[in-house]
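K.L.:
The structure under discussion is supplied below as structure tokens; questions concerning it will follow.
Any read-out appearing in this document is the output of simple, stated calculations on the displayed coordinates, not a laboratory observation. Fair warning: this is a prediction, and the values are worked out from it, not measured in the lab. When we count neighbours, we look across all protein chains shown, and the Cβ atoms used for this are built from the backbone with ideal geometry, even at glycine.
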Amino acid sequence: MQADLVIRNVVLNGEPGDLIVQQGRIEEFVPGGTESVQGKEEFDGQGFFLWPSLIDVHVHLREPGFEYKEDINSGLKAAIAGGFGQVMAMANTNPVNDSASVTEFMLEQARKFHPHGPFLHPIGALTRGLAGKELSPMAELARAGCRAFSNDGLPVENNELFRRAVEYSSDLGLKVIDHCEDVSLSEGGLMNEGEISSYLGLKGIPVVAESLQVARDILMAAYLDTPIHLAHISCRQSVELIAWAKQKSIPITAETCPHYLVWDESRVQGYNTLAKVNPPLRTRDDVLALQQAVREKVIDVLATDHAPHAEFEKDVPFGEAPNGISGLDTALSLCFGLVLDGVFDNDDLIRLFVNAPSEIFDLEANTFQKGDVADFFLFAPEAEWEVRPEAMFSRGKNTPALGQKLRGRVMAHFLRGRLVFERAI
Amino acid sequence: MHWPHKDLLDVSQLSVEEIRHIFETARHFLEINRRPIKKVPTLKGKSVVLFFAEPSTRTRTSFDMAAKRLSADSFSLSKSGSSLLKGESLKDTALTLQAMNPDAIVVRHSFSGAAEFLAKNLRCTVINAGDGWHAHPTQALLDGFTLTQVWKSFEGKEVLILGDIAHSRVARSDVDLLTRLGARVRLCAPKTLLPYNVKKWPVTVFTDLDRACEGVDAVICLRLQLERQEAGLLPDLREYARRYGLGRKHLALAKDDVKIMHPGPMNRGIEISSELADGDQSLILDQVEAGVAVRMAILFIYLLREGR
């Protein structure tokens, strides 16, 4: 028998074997390997893990408007090299993604530079201009290709408007992703409010600025019996509220980011602007609560909140620096580090980065069953690499991981059975 | 004394021995400052930039005078007269200044960490003259030095810092310096003007001024920034003055020879009564005099340290 593609001697779920791909779909994984199938194309996967392409439901690709930070081309390159086959891009571009023409432009850029993927799914603005005043034309955005709606970065403070936005979007079958922040409590804040902020003399952002809004969303989702997805959860209080909501079967889903699982607020010491992010890095206790929450499925999804910035923008006094961590290049290795540390296992990682996002946002994912899309990558678990600016594909080099040695790298990435990225060794 | 520091960013950098060395040096300059001819040629040929990106009168004048008394050339640069207002980044302003080869830059800035940011980017000495809410090391050193002029030792002394602790770089630096010199520090303010995690600080916290004053050896009053009311942290200044204004009745609760201090500028009738500010126990003008001497000591030590 002849197949389009065969990956030989690769390890899937701890078992070595051969992966057979036909017409961009998974045909079969044969444990122990097979001699009877020949591939038109063959790759030797010796020493590599076979992983399904990850889905990142929260990135900022900065185009249109902020191409000096990142553009769709560079952002998608970082995605594919970082293990992501699909990304969902937030709407805080300039102009804001609140019209079909912006959505179409973004999709066109993605197709132009990456015709075979990774695939971009724009997220439409929840309110026009992200101004929190009136609803955006959600049906128009959905028709143009938006897969969710969000006011990320500029949370909707008006509860009535938020309610109507959730109702209206549910009609279109698309979810609202809420950035939970009570701006009256966080205004002017620069880092987590606590011991370190009090010593550094930096205005703090209290955890209640997040958790109060999480509570609002949970109660709203319950009242409307309509799902809401909570973006970048950063603290124990929010986790406890979400656990309560799930116990009550309230339709709430939530994500956190790798940086909240690996770093705490002490990273800010020395006024390190690379660790300035919103919501801020919290305490060690919050980190532990989040680690437990992703293990126990209280938090459903991992997302990077990839927020690239130009180097000069972070090379300023702490108070002036923009929020954000560049995440696409490092997310997988940081999380694999957590696997090596025993925080969770590979199955958890795949659930958090593939299965759950695919279910919540209705995106196609690969589970290595016959007929699944052949989106996968070869992962070198032993490869050690140092996070240096030149080792990153994103234009934004702003990560506290700079200078850190990480384990695990994507060596080759296939989408729909086609090789779209191979790391030069 | 070997001086390992390029910059003075915060008193936490300094060992107690180094702090005492600064005091010792300042004592000589205090004496010189009281002579008819006050200028010494020690720093002739050195240049010091006074870069004040936030309004300041006394600290800048004090540094200016300190530099000139040591025969260094000083150059003042304020935010309104600089390119910072034209959108130049702090880093570019600093690199431009450095290219003119000053020996030290004294910086005042509204962002916490601004002095440390400059120190990382510049080869010359950076002296922090106040960064945001973070640190004001020369103020703490002059406060400590002023007290050494009246006390033999800090052991067992109780010092109360009164007022807007949350937004005060003076309070942060004073707490650090005074506790390390052996004093016990109390803080007193309404909760809205205390840092969120103040219970982790090495201090005793009061919200009642009468109780806070019982048995204290010195009170450092802080200036109340009038915008705190607008920010919703206080009902109004009248209520603040009634609850937290230091007045004569508090003297009766304190030690007999209690000392009254204030970093200035004062809001008379709000955080401190005029009677106390001008009274026999006030060290407020001694602080100003000490300020010049301490800043001379700092310029002297940093600009003449070995291995520059």
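K.L.:
Can you give the FRET efficiency to the nearest 0.05 for B:S274 and A:R284, using r as the Cβ-Cβ distance and R₀ = 45 Å?
P.N.:
0.35
K.L.:
Right, something else. Can you give me the angle between helix B:284-303 and the longest principal axis of chain B, using Cα atoms only, in degrees from 0 to 90, rounded to the nearest 10?
P.N.:
30 degrees
K.L.:
Separation of region B:209-282 and region A:153-174 by C-alpha centroid, Å?
P.N.:
Each part reduced to its Cα centre gives a spacing of 50 Å.
K.L.:
If you don't mind, another one. Mind ranking A:340-350, B:5-15 by how tightly packed they are, going by the mean number of other C-beta atoms within 10 angstrom, highest first?
P.N.:
Descending packing order for the listed peptides: B:5-15, A:340-350.
K.L.:
For region A:296-385, what does the relative contact order come out to in percent, with C-alpha contacts under 8 Å and a separation of six or more?
P.N.:
It rounds to 23 percent for region A:296-385.
K.L.:
For every helix of n ≥ 4 consecutive DSSP H residues, a contribution of -39,500 (n - 2.57) applies; sum these over chain B, divide by its total residues, and give [θ] at 222 nm rounded to the nearest 500 deg cm²/dmol.
P.N.:
After summing the helix terms and dividing by the residues of chain B, the value is -11500 deg cm²/dmol.
K.L.:
Moving on to the next point. For chain A, set up a GNM with springs between Cα atoms under 10 Å and report which of A:I252, A:I196, A:I177 has the largest fluctuation.
P.N.:
Result: A:I196 has the largest fluctuation of those listed.
K.L.:
Can you give the net charge of the other residues whose Cβ lies under 12 Å from the Cβ of A:E311, counting K and R as +1 and D and E as -1?
P.N.:
Local net charge: +3.
K.L.:
Please compute the average number of Cβ atoms from other chains found within 10 Å of each residue's Cβ in peptide B:195-203.
P.N.:
Per residue, the average neighbour count from other chains is 4.
K.L.:
Return the FRET efficiency for the residue pair A:N346, A:E104: r is the Cβ-Cβ distance, R0 is 41 Å, and the value is rounded to the nearest 0.05.
P.N.:
Computed FRET efficiency for A:N346 and A:E104: 0.60.
K.L.:
Okay, moving on. Once both labels are modelled 7 Å past Cα along the beta-carbon direction, what's the A:R25-A:A424 spacing in nm?
P.N.:
Once both label points are built, they end up 3.7 nm from each other.
K.L.:
How long are the three semi-axes of the equivalent ellipsoid of region A:243-335, in whole Å, if each is the root of 5 times an eigenvalue of the C-alpha gyration tensor, listed from largest down?
P.N.:
Output for region A:243-335: semi-axes of 27, 14, 12 Å.
K.L.:
Lysine pairs in region A:45-200 with Cα distance under 25 Å, only those 8 or more apart or on different chains: how many are there?
P.N.:
Qualifying lysine pairs in region A:45-200: 4.
K.L.:
I need to check one value: relative contact order of chain A, counting alpha carbon pairs closer than 8 Å and at least 6 residues apart, in percent.
P.N.:
18 percent
K.L.:
I've got another one for you. How do A:E296, B:E116, A:E195 line up, fewest other C-beta atoms within 10 Å first?
P.N.:
Listed from fewest to most nearby Cβ atoms, that is A:E296, A:E195, B:E116.
K.L.:
Near B:K255, which lysines are there with a Cα under 19 Å away, not counting those fewer than 8 places off in the same chain?
P.N.:
B:K152, B:K157
K.L.:
May I pose another question? How long is the gain from A:S184 to A:R8 if the chain were fully straight, where each residue apart is worth 0.36 nm and the alpha carbon distance is subtracted?
P.N.:
Stretched fully, the A:S184-A:R8 segment lengthens by 57.7 nm.
K.L.:
Among DSSP bridges having both ends in chain A, what percentage is antiparallel? Round to the nearest 5.
P.N.:
Counting DSSP beta bridges with both partners in chain A, the antiparallel share is about 50 percent.
K.L.:
Right, something else. Computed over the Cα atoms, what is the radius of gyration of the protein assembly as shown divided by 2.2 N^0.38 Å, N being its residue count?
P.N.:
Taking the Cα Rg and dividing by 2.2 N^0.38 Å, one obtains 1.12.
K.L.:
Please say if region A:53-361 is rounded, prolate or oblate, where rounded means a/c under 1.5 for a ≥ b ≥ c the square roots of the C-alpha gyration tensor eigenvalues, and otherwise the choice is prolate for a/b larger than b/c and oblate otherwise?
P.N.:
rounded
K.L.:
Among B:V150, B:V48, B:V185, which one shows the biggest mean-square fluctuation in a GNM of chain B, springs joining Cα atoms closer than 10 Å?
P.N.:
The residue with the greatest mean-square fluctuation here is B:V150.
K.L.:
Using a Förster distance of 35 angstrom, determine the FRET efficiency expected from the C-beta separation of A:N94 and A:W385, and round it to 0.05.
P.N.:
Efficiency computed from Cβ-Cβ geometry: 0.55.
K.L.:
Any idea what the dipole of region A:323-370 comes to, in debye rounded to 20, about its Cα centre with Lys/Arg Cβ at +1 and Asp/Glu Cβ at -1?
P.N.:
Computed charge dipole of region A:323-370: roughly 80 debye.
K.L.:
To the nearest 20 Debye, how big is the dipole of the protein assembly as shown about its Cα centre, given +1 on the beta carbon of each Lys and Arg and -1 on that of each Asp and Glu?
P.N.:
3060 debye
K.L.:
Taking chain B as a Gaussian network, Cα atoms linked when under 10 Å apart, which of B:T25, B:T138, B:T42 shows the biggest mean-square fluctuation?
P.N.:
Of B:T25, B:T138, B:T42, the Gaussian network model singles out B:T42 as fluctuating most.
K.L.:
For the pair B:K86/B:I37, report the inter-label distance in nm, with labels modelled 7 Å from Cα in the Cβ direction.
P.N.:
It works out to 4.4 nm between the two label points.
K.L.:
Within a 10 angstrom radius of each residue's Cβ in B:165-173, how many Cβ atoms of other chains show up on average? Whole number is fine.
P.N.:
2
K.L.:
Let me ask another. Compute the distance in nm between two label points, each set 7 Å from the Cα along the Cα-to-Cβ direction, one at A:E160 and one at B:A252.
P.N.:
5.7 nm
K.L.:
If you take the square roots of the eigenvalues of the alpha-carbon gyration tensor of region B:80-135 and sort them as a ≥ b ≥ c, do you get rounded (a/c under 1.5), prolate (a/b over b/c) or oblate?
P.N.:
Oblate.
K.L.:
To continue, here is another question. Among B:K46/B:K68; A:K203/A:K276; A:K276/A:K397; B:K44/B:K68; A:K203/B:K6; A:K314/A:K397, which pairs are too far apart, with a Cα-Cα distance over 18 Å?
P.N.:
The answer is A:K203/B:K6.
K.L.:
Give me the Debye-computed log₁₀ of I(q)/I(0) at q = 0.17, 0.21, 0.22 Å⁻¹ for region B:151-282, equal point scatterers on Cα only, no solvent, two decimals.
P.N.:
-0.84, -1.32, -1.45
K.L.:
Something else now. For B:T207, A:T127, what's the fewest-to-most ordering of other Cβ within 10 Å of each Cβ?
P.N.:
Going from sparsest to densest Cβ surroundings: B:T207, A:T127.
K.L.:
Around A:G14, what is the net charge, scoring Lys/Arg as +1 and Asp/Glu as -1 over all other residues with Cβ under 13 Å from its Cβ?
P.N.:
-3
K.L.:
For the protein assembly as shown, what proportion of DSSP beta bridges, expressed in % and rounded to the nearest 5, is antiparallel?
P.N.:
Percentage antiparallel, nearest 5: 30.
K.L.:
Here's a follow-up. Output the antiparallel fraction of DSSP beta bridges having both residues in chain B, as a percent to the nearest 5.
P.N.:
5 percent
K.L.:
Give the aspartates and glutamates reachable from A:K370 as a straight Cα distance under 16 Å; neighbours fewer than 8 places away on the same chain don't count.
P.N.:
By straight Cα distance, A:K370 reaches A:D4, A:D18, A:E27, A:E28.
K.L.:
Over what distance in Å are the Cα centres of region A:240-273 and region B:125-204 separated?
P.N.:
Measuring centre to centre over Cα atoms gives 35 Å.
K.L.:
Let me ask another. Rounded, prolate or oblate: which one fits chain B, using the alpha carbon gyration tensor with axes a ≥ b ≥ c (rounded when a/c is under 1.5, else prolate when a/b beats b/c, else oblate)?
P.N.:
In terms of gyration-tensor shape, prolate.
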